Structures are given as structure tokens and as C-alpha cells.
Amino acid sequence: MVARIIPVEPFDLVIFGGTGDLARRKILPGLYRRLADGQMPPEARVIGAARSEMDDEGFRKLTRESLEEFMPASALDKERVEEFLSLLSYVQVDAKGDGGWAELKEHIRPDVVHAFYFSVAPSLFGPIAERLKDHGIADDNARIVVEKPFGHDLASAKALNQSLACHFDETQIYRIDHYLGKETVQNLMAVRFGNMLFEPLWNSQYVDHIQITVAETVGVGGRGEYYDRSGAMRDMVQNHLLQLLCLIAMEPPSRYDPDAVRDEKLKVIRALEPVRPDDLVRGQYREGPDGPSYLEDVGDPRSRTECFIAMRMSVSNWRWAGTPFYIRTGKRLKARASEIAIVFKDAPHSIFDVPQGRHSNVLTIRLQPNEGMQMTVTIKEPGPGGMRLIDVPLDMSFAEALGEQAADIPDAYERLIMDVIRGNQTLFMRGDEVEAAWAWTDPVIADWEARGHVPSPYEQGSSGPDDALMLLHRDGRRWREIRP
Ligand code: NAD
């Protein structure tokens, strides 16, 4: 199979924070790959804009070093790297002052798509938006891309939305949640809505429960102080895990278009029940062989911020009433693995001589590593031993099914940046969605704070605190193993 690459129109992309960590690790390498694949046209221009004093050559040097540091040598072609670097320039701007904006304007060509990536702290979103408009740099067709975190709570998210809305229309604002850019996440929609097979079973009558796991092996490392101000609920659940839950739970949109999809996701968020205290587990990793405890990592022995959270959630609507969604995410767990599992109910009656409850179909959607899907089905164990049943996987690993094409699956950031240039907002969060997610999150946090809840310690390299296992055990269910 040959991957079809459709080049996007020529564009000017300004990266505010072009010298920062995210630009160096994700945005610049991603753009290089899009150029190397023929999707980014050679007429495109990338303009780094940041506070550091630097000229074009300095920015090219920083970019070359970033490509070498964050990409495998095999992915770098000498000529292509030179071509990519020749498309780059740099302008020193002060997001909160007036320096550099006039020069930036001179870099912007009037007749191509304009995109402005705000890869800077959220406190700079408003000031940059204001200056782009005041200096006549961004017109009504320009697009702005904003990074997470989009707010710390509902009030701050509203304030951020307002600061952008003063200068840009909602159709121009692309709020990144890079989980939505993952191949399997989009495949989830293709599988649900492109096949007859699943949708009739996709409800509480046939689905026993759903598990969403996003497990990391790393700790909070060098960003402890920042992390301790947010925690797993704000850093992961409010955005990434809720977005995944929405894609599983939403009704079929009438069309695959940005507002139709986002309207359906919004309805799911609004149908989420508040989480009851005994449906919630929070944890902090202990000291272990891989490093210090969470409390040491954040430098506050009294911190009550969670770096692990597990919850039993309910979506109150006709489709899902009675089907729990169990979600968990945490750091320093036993493996780096993100997956969604749809666990179907057992057959209502067994004609075979095996106890009920031992065989159920599970559809697993794996986000990382090894993106792919797997469906377990029950079959007869081969051989002459009579009618014994076993569960075997029907595998759809992208690597095997698609061969070389799978190796070319773009990273989430690359895909999302190309979507910005194409003007497709489907995989970006709308302002009302983000606010609805905070409106659900805030009271859950306020409730545990009011109760003075203290996170439970857990071993590094484990599956989290034992209480998290109990969350399912008491319902007669089990978490799936966290496997790399
Ligand atoms: P960083 O601190 O490494 O870089 C910040 C950039 O902003 C630098 O280029 C700096 O020069 C520029 N900057 C700071 N103040 C400025 C000013 N007054 N005027 C102009 N430029 C200024 O940060 P980062 O890790 O690259 O993160 C950028 C954004 O992306 C943040 O909102 C962060 O939360 C978000 N984010 C980062 C990651 C990541 O992996 N690094 C992941 C997800 C989201």
C-alpha cells in the first residue's frame, strides 16, 4: 500500500516560543517530517518568534540540533534538512511589549495561509493575540493554535477564552489536545461509524464496562513544582482522558465535520455525573529503585496533589445508563501504556459446559506504544480435547496490517499542524467543550479539597494504590494488566 500524501497549501507558520522545549522536541521535528514526506510545500515558511536574542542563523542552528537530538539519524536526510532550514527565519519579539512586532509583520506574506502557534505559557496567550491584531499581523483568515494547559479551572479557562475571543473568532482558534491527533483515536471513530458491526452493540445493553488507562513510567522529574500545582486530574483527566471518553461515548454525528463532532462530544461531557467520593482514588508514588518519592520530587513533604487518579464515572443518558467508565492515569507505574478497552457482556446463556462469566469479547484500542486495535473472540481450543473454549485476539496492529505505511504514521503534532493549515478544526477542542470539562472537574476537586483528602502512597512500578484495584473488585470486575 502506498500512503497518499496530499500537500497542503503554502503557508506562513509563526511559532511563538520557537526556542522552547515543545518547539524543539515536537513542532520543528514534526514540520521537518512533513516536508520530507512532501506534505509541507517548499513554498512554506516557518518563523520562530521568542524572547531570546537570536538571528536567523542562530534559529537554524538550534533547529538543526533539535532535529539531531529528537529524531533518529535514519530519519534525517542531509539535503532535506538543508532545505528545511532554508525555510526558517527568526524574529525576537516580546509578547508583553512592543519590540519585534513590526519586524514580524514584514515576514508575513499576504497571499498565503497564516498560522500562529502559541507555544508559550498560557499567561501570554491574551497579550500575543492582542498584539497580532493591534499590529495588523493577523487577519480574519489567520489561525491561532494554543497549547495546554487551557486554564486551571473553569474561571481561568473562561478568562482565557475571553482574551482570545476579543481578537479572534472561534473558527480561527485551534486548541490542541495531542491525544486527538493520534492515529488510533481517529481510527476509533472510523471503526465505530464506518462499520455496521460495532455500533448496534455500542450501548449499555451489550457493553459491560469501559476502561481507559494512561500509564506512565516516568515521575514528575524536573517539572515537580509546576506539576504539584496541577496534579493528574487537571494535567491528564480534564483534557486527554475526557476527550477519549467522549469519543467512545458520543452519539454518531450526522457528518464528520468539526461542529457536528464537537457538538456530540459536548453532550457527553454535560451528561457526566459528579464523581462520588468512594468512586475516586488518588495516589502518590513512594520512594523506589527508580527514584525519590513524589513528595521529594516536588519538594513539599505535605503536598496533597495526586500523581495517580482512578475513577468510576457514569454517563447519564439512554445509551450508557448502567455502564461504568473506569479511568486511571498515573506516573511511575509498571509500564508506559495507553489503552481503551470496551468490555462486552457475557453471552446470556452458555450452551457449553463452562462456567458463565469467563468469556467476554474485549475491543482494545491501543494508543501507545504500538498503536493498534485488538478484539478478543472466544473460539474452540484446537485439538481433540472436546469443546473447550479459549479467548484469542483478532489483531489489527497497524505495523502488521499496513506494512511500510504504518511506519509513516505521522506523529500527533504533525497531523494536527497540517489540519490547522487545511483549516480543519475537527480534532481540536472548542471553547465550550473546554469550559464544560472544567465545569465537571471543578466540583470533584473542590469536594476532595473540602474533605481534606490525602492521596494514598503506592509502590513505584506497580499499578497504583490498592484502593484503585478495589474500585473494580467491589463491582466484580478487574483492571486489565498494564502492559508495555
Ligand atoms: P519553554 O519554557 O521551554 O519555552 C517557552 C518559550 O516561550 C521560549 O521560546 C521563550 O523564549 C518564550 N517566551 C517566554 N516569555 C516570552 C515573552 N515574554 N515573549 C516572547 N516569548 C517568550 O516552554 P515549553 O515547554 O516549550 O512549553 C510551551 C507551552 O506548551 C506551554 O504552555 C506548555 O504548557 C505547553 N506544553 C508543553 C509541552 C512540552 O512537552 N514541553 C507539552 C504540552 C504542552
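Read-outs throughout are calculated quantities, based only on the coordinates presented, and are distinct from any laboratory measurement. All values reported here derive from a predicted model rather than from experimental measurement. Note that we place each Cβ from the backbone using ideal geometry, even for glycine, and neighbour counts take in every protein chain shown.
Observations on the model:
- Kirkwood Rh in Å, taken over all unlike Cα pairs in the range 11-147: 15.0 Å
- Computed from backbone phi, the HN-Hα couplings of the range 338-349 come to 10, 8, 10, 10, 9, 9, 7, 6, 5, 4, x, 8 Hz, rounded to whole numbers (Karplus: 6.51 cos²θ - 1.76 cosθ + 1.60, θ = phi - 60°; Gly and Pro given as x).
- Only lysine pairs 8 or more places apart or on separate chains count here, and in the range 11-147 those with Cα atoms under 30 Å apart total 11.
- Taking the convex hull of the alpha carbon positions in the chain and averaging its projected area over all directions gives 25.1 nm².
- For the range 132-196, the C-alpha radius of gyration sits at 1.48 times the compact-globule guess of 2.2 N^0.38 Å, with N the residue count.
- Here the 3J(HN,Hα) profile of the range 233-241, calculated from phi with Karplus coefficients 6.51, -1.76 and 1.60 at θ = phi - 60°, is 4, 6, 6, 10, 6, 4, 10, 4, 5 Hz, Gly and Pro shown as x.
- Test item: Cα-centred dipole of the chain, Lys/Arg +1 and Asp/Glu -1 on Cβ, debye: 1240 debye
- Full extension of the chain between T426 and F70 gives 125.3 nm of extra length, using 0.36 nm per residue less the Cα-Cα distance.
- Gain on full stretching of the segment that runs from R483 to R336 - 0.36 nm per residue minus C-alpha separation: 52.2 nm
- Descending by average beta-carbon neighbour count within 10 Å, the peptides 73-82, 92-101 line up as 92-101, 73-82, the highest first.
- Proximity of backbone amide H atoms, modeled 1.01 Å from N, is registered between H209 and V343 at under 5 Å, excluding neighbours fewer than 5 places apart on the same chain.
- Once backbone amide H atoms are built at 1.01 Å from N, Y90 has G48, D56 as its partners under 5 Å, excluding neighbours fewer than 5 places away on the same chain.
- Full extension of the chain between D346 and Q186 yields a length gain of 54.8 nm, computed as 0.36 nm times the residue separation minus the alpha carbon distance.
- Measuring r between the beta carbons of K61 and T378 and using R0 = 60 Å, the FRET efficiency lands at 0.55.
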